[in-house]
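Notes for the one structure printed next.
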Amino acid sequence: MSSRAMGKRPCRLLLALFGASAAGVAAAENKPPNFLLLFPDQWRWDWAGFDKDSAELQMPTLQGIASHGTRYTYAYSPSPWCVPARACLASARQYGNAQDHAPVVVNGQDFPPDFPTWYKALESAGYHTMTTGKDDLTQSIAGTGRDGSRHAAELGFESHFLMQDKFATYPFKEPWDQFGAAMQAITPCGCNESGAKDLCSCNKWCYGVIAGPGGKAGACCHEVSGGGWNCPGADQVGQNQHLYVDDFVTAKGEALLDIRPKDKPWVLHVSFPGPHPPFIITEGMNESIKTRPFPVSYDNDQVSAEEQLNIRRSYASEIENIDKLFKRLLDKVEATGEMENTYVIVMSDHGEMLGDHNLFGKKVPWEASVHVPLIVKGPGVAAGRVEDTPVSTVSAIRFILDQAGAEMPHTVYKATLAKGAEESVEDLPIFSGLSTKDIDFRVVVKKLNDTHTMKVVCCPRGCPEGNSRIPSEAPDPQLMAFNIKADPQETTNLNGTKEAWDLAGHFEQHYVEVCMQDAAKLHLLEHKSKDPKLLIGQKVFLTSHRGEQLKDKHGQLGMSMNEDASEKWTMTDAGDGKVFLTSHRGQQLKDREGSAQPTGSKDELEKWTLEKADGGKVFITGQRGEKLQDFNGSPKVTPSADASELWTITRALADPVEVSGKFSLHSGPVAAGGTQRWAPDGVSALLGAAGAAVAGLAVISFTRLRFRGIGAAGAGTSASDGQAEESLFLAAGKPGEQLRLSSVDEA
């Protein structure tokens, strides 16, 4: 049990009571609407009080906002890291390196002060723009300044109270943001365990300085995955809850509303520092949470259940405290008489893994990191609507621009949010991503139907470690796909399905080329798993040391390299860690006293054990303890355990895709030694290959075309003419040569 739960920290808190103000009169008709953006930091989607299985939170204010507005259950951050996410929102653009993407892609950088923002756009449209709280648009070492003025006007903030991250408030001897300066003026500390003279110094002792290289964890936290999550020590405000960082930011927001010009519409962005770590709470907040149960992290075997519970209690306490602060801000707007003409938007920059898959923090492509809450209420917004079409949080900014009648001088994200009850949400692929020296991934999400919402993840250097069900394949490229409607913990990889490949074709071209590089082979997907048992339920190829596949040809086993249907085996669970291997004819591979044979009995001799060997290979061992062997093209079962008994198990491609109609052939320039992919126009989105039409190529008509792969310039895919594969194979010759058709069969 933590020292806080045991009551070892004696500072107690006198809770303040905040009464509701009287409601004001309705806003005048035709007046431009106001905008209140409530923006907690690092808030995951399933910790908002609506998912009782994940966390049973007390969130009456948020519940009330949702009952009077529209809640988006699949809202995604454009990037699961603080500065990139906020840069996307500020610019109303997506994440990436293209010219029409947001201008900042990593933390530690300033948003360019001369780059347009939606705050500036509203200011130009006649709005009074205000912000309070964490500022991640000026994150370079120069900071915001003690008065918060650095870059504030250029970004579009007319009134502001700006601070750095909780950790980043205390890196220097003297405060360098408005919050630190305010805390330095408060003496003595409410709970002075450090002996320091002012609250800024007391909490510097408690919180520490920027976790990571060169940083130092504070006295209030224990190290868990880099620090800042398991924090049994109490914030040094003591009884003064109003000085706790989120409460203080809220009070400044209330003050900004008090001094706003009364003759102008307004926007107030309240950027709460919590529930971003460090998860340090006051003793008063701890009283409300210290005995409540919460589920432990999913798939975590590195942090004790007790530590997980303490971490989750603190996270919950911060969220529930912020819900109370939501009410204060809503009451303030109500008191102005302008609530009926104000849009309230609640969302976050990104989520928090909170120990799931042995991970804390963000910067990974998993749901708890990229999936966030999003609720909108206001004039004309449908009340009580729950929308499960995936959206980007950037759409909320487009919504603000649309409702305010404001325009930005550059191309912005085109999709907005729904307003009226009959207004549908545009069903587009939704993107997220992050690229740093150590991390690189892209995510795309799309609803397929009422039971399937597909999410595809591309990691050019392998996906992050942590998910024990789907190990990382770093440093090799890795593509994953999940039905997050049924599998929010992302445990079943659906890569290889047509739907996954359709969606993967929407990635930026570089990610298509890297993560779909096997599309240039005869099969579109070769998934070499570090644990072959993860392929249970899938069709697989069994490839021997000689590079040939085990084949069931009309009941007789053989070996060949055709990779056709007769070489596809379905691996199913036979219990006790064993598997059945079923051929395309529905018969199981059987060890009949040393002679391997496909039969339909499903008895004990058809159960096989997969034993991992070096280099990603396996032994396939029968019930008699002997191993399947490729004996120069003749499959046998022997006890030798030599190289001839090593097998590679790879996932086989689903059935070839069928298309029909007329297609023109497209290509682009080919650099010497480079790779160029080809595809018929109209199916290129699936394979991610498109370009300018090759001059002089005729339009070719296909009545029924099946294709398995596309060729590469200088190393064209080929097949023997006359083979009844009914496949389209395209090959380019030497770099610079025109495309030629090497084999086409029509059915």
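Before moving on, here are some points about what is shown:
- Estimated at 0.36 nm per residue, the fully extended path between Asp51 and Ala305 surpasses their Cα-Cα distance by 89.3 nm.
- Cα-Cα separations in segment 122-202 greater than 17 Å, expressed as whole percent: 49
- Each 10 Å bin from zero up to the one holding the largest Cα-Cα distance in segment 335-480 carries the following percent of pairs: 10, 33, 31, 18, 7, 1.
- Each 10 Å bin, from zero up to the one with the longest distance, holds this percent of the alpha carbon pairs of segment 374-421: 24, 56, 19, 2.
- Sorted peptide list for 178-186, 455-463, criterion being average Cβ within 10 angstrom, highest first: 455-463, 178-186
- The label point for Thr436 and the one for Lys414, both projected 7 Å from the Cα toward the Cβ, are 3.3 nm apart.
- With all pairs of separate Cα atoms included, segment 275-354 yields a Kirkwood hydrodynamic radius of 14.8 Å.
- Calculated accessible area for segment 37-124 comes out at 31 Å² per residue, all protein chains present (probe 1.4 Å; ligands, DNA, RNA ignored).
- Sorting the segments 297-307, 228-238 by their residues' average number of neighbouring beta-carbon atoms within 10 angstrom, most packed first, yields 228-238, 297-307.
- For segment 571-615, the spread of Cα positions along each principal axis, largest first, Å: 31, 22, 20
- Given charges at beta-carbon only (K, R positive; D, E negative), |dipole| of segment 258-335 in Debye: 440
- Ala565/Asp388 FRET efficiency (R0 41 Å; Cβ-Cβ; nearest 0.05): 0.65
- Chain lengthening between Asp258 and Thr291 when straightened (0.36 nm per residue, less Cα-Cα): 8.0 nm
- Counting only lysines at least 8 places from Lys173 when in the same chain, those with an alpha carbon closer than 27 Å to its own are Lys134, Lys197, Lys204, Lys216, Lys252.
- FRET efficiency estimate (nearest 0.05) - Cβ-Cβ, Leu448 to Lys553, R0 35 angstrom: 0.45
- Protection proxy ranking for 597-607, 149-159, 343-353, using the average of other Cβ atoms within 10 Å per residue and placing the highest first: 343-353, 149-159, 597-607.
- Solvent-accessible heavy-atom area per residue, rounded to whole Å², over segment 154-277 at 1.4 Å: 35
- Label point distance in nm, Ala486-Ala98, each placed 7 Å from Cα along Cα→Cβ: 3.2
- Taking the 1.4 Å solvent-accessible surface of segment 255-392 as the whole, the part contributed by carbon and sulfur is 52%.
- Full extension of the chain between Glu499 and Arg546 yields a length gain of 13.6 nm, computed as 0.36 nm times the residue separation minus the alpha carbon distance.
- For Glu423 and Glu154, the FRET efficiency from 1/(1 + (r/R0)^6), where r spans their Cβ atoms and R0 equals 22 Å, is about 0.05.
- Working from label points 7 Å from Cα in the Cα-to-Cβ sense, the Ala474 to His68 distance is 4.6 nm.
- Too-long pairs where the Cα-Cα distance tops 30 Å, listed order kept, from Lys332/Lys455; Lys120/Lys437; Lys262/Lys377; Lys332/Lys485: Lys332/Lys455; Lys120/Lys437; Lys332/Lys485
The values are calculated or read from the model by the stated rules, or taken from the named source; none is laboratory data. Given the structure is predicted, the values throughout are model-derived calculations rather than measurements. Cβ sites come from the backbone with ideal geometry, for glycine too, and all protein chains shown count toward neighbours. The area values use the complete protein model at the heavy-atom level, side chains included, leaving out ligands, DNA and RNA. Shrake-Rupley method; radii C 1.70, N 1.55, O 1.52, S 1.80 Å.
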